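The structure under discussion appears below in the form of structure tokens.
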Amino acid sequence: MESLSRRAVLQGIGTASLAAGLGASMQDASAITAPFGPADKFDLVIKGGDVLDPSQGLRGRRDIGIRNAEIAALEPEIAADRAKQVLTVDGKLVTPGLVDLHTHVFHQTGIGLPADELVPYTCTTTYLDAGDAGVGTFSAFKHYVMAQSRSRIFGLLHISRIGLAGFPVGEMLNIDYADVDAAAKVLAENSDVLIGMKVRESLDVVGQNGLEPLRRAIAAAERSGVKGARVMCHIGNAPGDLSELLDLLRPGDVLTHAYSGAGNNTVQNGRLIAAALAAKQRGVIIDVGHGGGSFDYEVAEPAMQQGLLPDTISSDVHAVSVNTPGLPFLPWVMSKFLNMGFSLEQVVAMATVKPAEIIGKVEKMGTLQIGAPADVAVMELVEAPVRFVDTRAHPRDGKMWLKPVQTVRAGRPFGRPYPQPFGYP
């Protein structure tokens, strides 16, 4: 009996110890899985900035707390000891990471430039590639560029099978390159990263094919079955009657180079053509697409005075355009509109939340709302005399400009301070 009692006691002690161990283990697990509390540190705190987020109507000094690649806090003050890493930006303008609706970043072909290498000049965290790739080259673009870039990249599929690989030879001189069924299939199969189709409607690009490339781009977007698939239409020296081209565009389609002075443009004899205003009124998106030859003050100023205001400011940055006097890096293009009478809030909105909504692939992209992707642009609003030129060498004097300072993508700064460990995202 004594032996049995000892065994029972030992079993009881063992059971109690096991229960205590399980209880402690469960408490530890609970601590690990519990929501972050006030004592938990942020991965990065951006301190002291003049925060401007048009999506929230917010302008003022705020600190931004970032955790797990998301905006986790936006407060008047976050103590430095709550941060694993601090980026001090006292007095600098802090906005959502810029979203550029017209770029060329397929750097392994045509005129594209590497998106990540552009960041110090652009403060851009999301690029929409405007048709560098067509059916014949898109797979390479998706696997070798999009997938290997820290920058977020979406795209428009060119209706030409070769995309812009043949630049400067017009990709639509041979209409056989515009295969509607093949383009629709690639768009449908890659709608995670493609938002629609791209076409260039300039005489030197389409030759005798007129508006047929545009008609085929629209047909491919519709035949793909992708809800909301857009067509971005480039205009330069457009073929035929520009009104016919504009009348083809659907609500949600994008008219880029809307203020081009390349010939046959939206302003003729000082007057905005009726079809351009009608297009805007029915929901066609008016995009700047500055580029190296597609923004003329003498078109933009009367066009805007007569109602053709831009919805989005974009750069059309590529290997040719960045070497032109107009310097189409996105903050510089934004600065031109800032000095044309638009407010800072309007200019930032047209390069953040508005293009983000058009892309429509990432919730809260283009904002600094809690839970948004931790994509942040830091710029300096320089108040000093400045001279701009357009792509026709027309000068305009201004009083302020936006100077890129730092860019944070998915919570990780480009350059110093380096995160630990350093790597993607």
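A compact table of results
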quantity: Test item: Cα-centred dipole of the stretch 112-253, Lys/Arg +1 and Asp/Glu -1 on Cβ, debye; calculated: 420
quantity: Acute angle (nearest 10 degrees) that the helix 212-223 long axis makes with the longest principal axis of the chain, alpha-carbon atoms; calculated: 30
quantity: With 20 Å bins from 0: P(r) over the chain, alpha-carbon pairs, percent; calculated: 26, 50, 16, 6, 3, 0
quantity: Radius of gyration and maximum dimension Dmax of the stretch 83-134, Cα, Å; calculated: 14.4, 45
quantity: Cα-centred dipole magnitude for the chain, charges only on beta-carbon of K, R (+1) and D, E (-1), debye, nearest 20; calculated: 800
quantity: Footprinting exposure proxy for 334, 304 (fewest neighbouring C-beta atoms within 10 Å first); calculated: 304, 334
quantity: Net charge over other residues, Cβ less than 11 angstrom from the Cβ of residue 231 (K, R count +1; D, E count -1); calculated: +2
quantity: Cα convex hull volume per residue for the stretch 144-197 (Å³); calculated: 87
quantity: Semi-axes of the equivalent ellipsoid for the stretch 296-425, Cα gyration tensor, largest first, Å; calculated: 29, 18, 14
quantity: Within the stretch 363-399, GluC sites (Glu not before Pro) in DSSP loop having at most 11 other beta-carbon neighbours inside 10 Å; calculated: 363
quantity: Contact order normalised by residue count of the chain, Cα under 8 Å, 6+ apart, percent; calculated: 17
quantity: Over 25 Å between alpha carbons, listed pairs 227/354; 142/403; 92/399; calculated: 142/403
quantity: Among 82, 216, 62, residue whose mean-square fluctuation peaks in a GNM of the chain (springs only between Cα atoms under 10 Å); calculated: 82
quantity: Proxy reagent accessibility, fewest Cβ within 10 Å first, across 117, 298; calculated: 117, 298
quantity: Most mobile listed residue (176, 287, 253) in the chain, GNM with C-alpha springs under 10 Å; calculated: 176
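Only the coordinates and a few stated rules stand behind these numbers; no lab work does. Computed from a predicted structure; not experimentally measured. Every residue, glycine as well, gets a Cβ built from its backbone with ideal geometry; the counts of neighbours run over all protein chains shown.
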